[in-house]
Each structure stands twice: as C-alpha cells, then as structure tokens.
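Values quoted throughout were computed directly from the atomic coordinates according to the rules given, and no laboratory measurement underlies them. The shown structure was predicted, so the numbers you read here are calculated from the model rather than taken from an experiment. Here Cβ is always computed from backbone atoms with ideal geometry, including for glycine, and neighbour counts include all displayed protein chains.
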Amino acid sequence: MKMDALVKVKPERGLWLERVDVPVPGPNEALIKIHKTAICGTDVHIYDWNEWAQQTIKTPMTIGHEFVGEIVEINGHSDAFKVGDLVSAEGHVVCNTCRNCRAGRRHLCPNTQGIGVNRTGIFAEYAAIPLSNLWLCDKNIPEELYSIFDPFGNATHTALSYDLVGEDVLITGAGPIGIMAAAIAKYAGARKVFITNRSQFRLDLAKKVCPSVITVNTKEQDLKQLMRENGIHEGFDVGLEMSGNGTALNQMLDNMINGGKIALLGLLPSGTPIDWNKVIFGGMKLKGIYGREMFETWHKMSSMIQGGLDISGIITHRFNYKDFIEGFELMCSGKSGKIVLNWEK
C-alpha cells in the first residue's frame, strides 16, 4: 500500500512529493493517520539544505515532526491508547535505559533521536510512532493547535523554567516560539514582558498574539529608554533567549538585574563571545533548554489552553500538503508565523 509523503530525496535544496510505502508499525508502535502537520524551523533548515542539515540528514528521508492524527492500528498492548484516539506526539524518541531516562528526566537523554531528523518523519499520510511518545488529545482543543504542540512545548519549557509571577521578562527573538513564550509569560503572571527583534512583521505578529507585550525593534528603538518608561530601573528579572543571535544575548546580559535568570533555547553560533564577568559578578543563572520535559510540559500546555491561553494567532497560513512548496518558501521569507499543512482528503 502506497501513500504520499514529503521526502528529502537528494542532498540539495528542496523537498519532493513522493509515493512511498505505508509504514508497518513495529512492536509497541501505533500507525497514525495524519490529519494536520506544521512546518518547523528545523524543517526549513532541511528544505534549504544549510550546513547543519548537510551534516545531520541522511537522504532519502521523510521529514517533519509536528502533527496531530488518529490511531488506526496498534502493534502491542496499550492501556493508554486505542484505535480511533486523536493523538499528537513528543518528537524526541529516547532510549529509556540511560540514567536520566530511568530517573524520569527523559528530556536529558543523551541518546535522543529526533522524528524527521534521525528517523522517518511525519510529513506523510501515515506515520508509525512509539506508543511511549504519544499524547492523547482533548477533542475540545482545535486540532491545528495540537499540530503545533511541539514548538509550543519549546516555548512552555523555556518560559516556565523560572517563577514569573510579578517579574519583568525580556525575550530576545520574535519567531513563533518567542512570541508564544511572551503569551505564556503574561498568562503565568509576569509584570512586564518585552520582546526584541529586527523584523517589524514579527513584532506586529507578537502584538496580535499577545497584545500586552512591549515590542522593541532593535534597529530603531532604544531598549534602555523603553525600560525606563516602563518602570524597569534595575534590569530584567528573567531572560528568555530565543534568537540564537550573539548580539541579542549580549544585549540581554547588559540589561539583567543582578541575580537575573536566563533560559537559553536559541542555538548560538559556536564560539559566540560573552563577557563572563557580567555573569559571575552579577550572580546570574544560565540554563540551557532542549525540547520539552516529558510529559510535564505537555500537561502544562494542555492545561493552559483549557484555562484560556489563546495562541491561535500564531498560525498565519494553512495549505493543502500538495502546496507544500508555497508554505516552505513563505517560511523562508520570514513573513509568516506557524504554517499548517492539511493531510485530510
């Protein structure tokens, strides 16, 4: 039996719509009929075939990891899932045998494999996913929101790394994850939330998703002046670095309160210089973030949506999967938020 899939067929820019075999679920795996998928920045890197992708991706490979779909087959016994369940899934497949996995810290597994990166992905009509990675969806939450739970989880893990109640928060990088983090920070009780970027399109989108956020176009506005105007005199209490830009990180360090706490999600270039004296003498805390805590982050995501957090505005475009090139090129342009591909016929 054949199906449509988006495949990185060869080591060059682009993706190809191919007819491939429907996967056979292995032991303790489920076969999922894909309803909706979302395009991730990682997928864009693979599409663009940048240096990271060239070093990481083995062609040919079906890519993608953000999805929602329905279980149509289960290979093995499961008390948690049944055929017909609506599910999404954690995109990191872990070993379950290392010290961190056995201690319940699966997000720190050194043997993690990424769906759509190190193993077959979900940009297809069907996908085989380990039962241990599945998340049962509340059918009262829109399916397209579940299709972006992976990046929403990045934002949640990062934003909720520290207590935010009454705190002033600086977010560097107004991509979709940074914007969702701004909405989470306000929902969690932050006093003032600033977000910086050089793209006015992204800053306008941030305002749409989180109207109370204070946007800073670093090409045109003075961050310190805006801080003074908003009653921030000693610096930000919490920093969320989402940009992967060394200049942005150093600007954050320059504007933190002594004892400030920074969570780092953005992938900074190797050798990015910072003034470590500011970290040491300022008594700052820096924490690296990778993925989502399994599955505490997923619980918090669902609970926040059920409690009224609205991130729906981060989805700016929707395409049929056959129009994927338009979606990917739009993502490459930087003139979009999250883009959802519909796989239902």
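Annotations
- Over the residues of the chain, the helix contribution to mean residue ellipticity at 222 nm works out to -7500 deg cm²/dmol, using -39500 (n - 2.57) for each DSSP H run of at least 4.
- Convex hull of Cα atoms in region 97-205, direction-averaged projection (nm²): 9.6 nm²
- Taking the square roots of 5 times each eigenvalue of the Cα gyration tensor of region 189-345, largest first, gives ellipsoid semi-axes of 31, 19, 18 Å.
- Positive-end residue of PHE123, TYR146, HIS107, charge dipole of region 99-171 with Cβ unit charges: HIS107
- Span per principal axis, largest first, for the Cα atoms of region 184-224 (Å): 29, 22, 10
- Taking LEU17, LEU267 and counting other C-beta atoms within 10 Å, the order from fewest to most: LEU267, LEU17
- Computed about the Cα centre, the dipole magnitude for region 155-288 is approximately 240 debye when only Lys and Arg (+1) and Asp and Glu (-1) carry charge, each at its Cβ.
- Cβ charges +1 (Lys, Arg) and -1 (Asp, Glu), total dipole of region 98-214, debye: 340 debye
- Partners of LYS82 within straight-line reach, counting aspartates and glutamates whose Cα lies under 13 Å from its Cα and excluding those fewer than 8 residues away in the same chain: GLU29, GLU70, GLU73.
- Near ASP150: Cβ cut-off under 10 Å, other residues only, Lys/Arg at +1 and Asp/Glu at -1. The net charge is -1.
- Cα-centred dipole magnitude for the chain, charges only on beta-carbon of K, R (+1) and D, E (-1), debye, nearest 20: 360 debye
- DSSP-assigned coil residues among GluC sites (Glu not before Pro) in region 171-270, each with at most 13 further Cβ atoms within 10 Å: GLU220, GLU234
- Once you divide the Cα radius of gyration of region 159-280 by 2.2 N^0.38 Å, the number left is 0.96.
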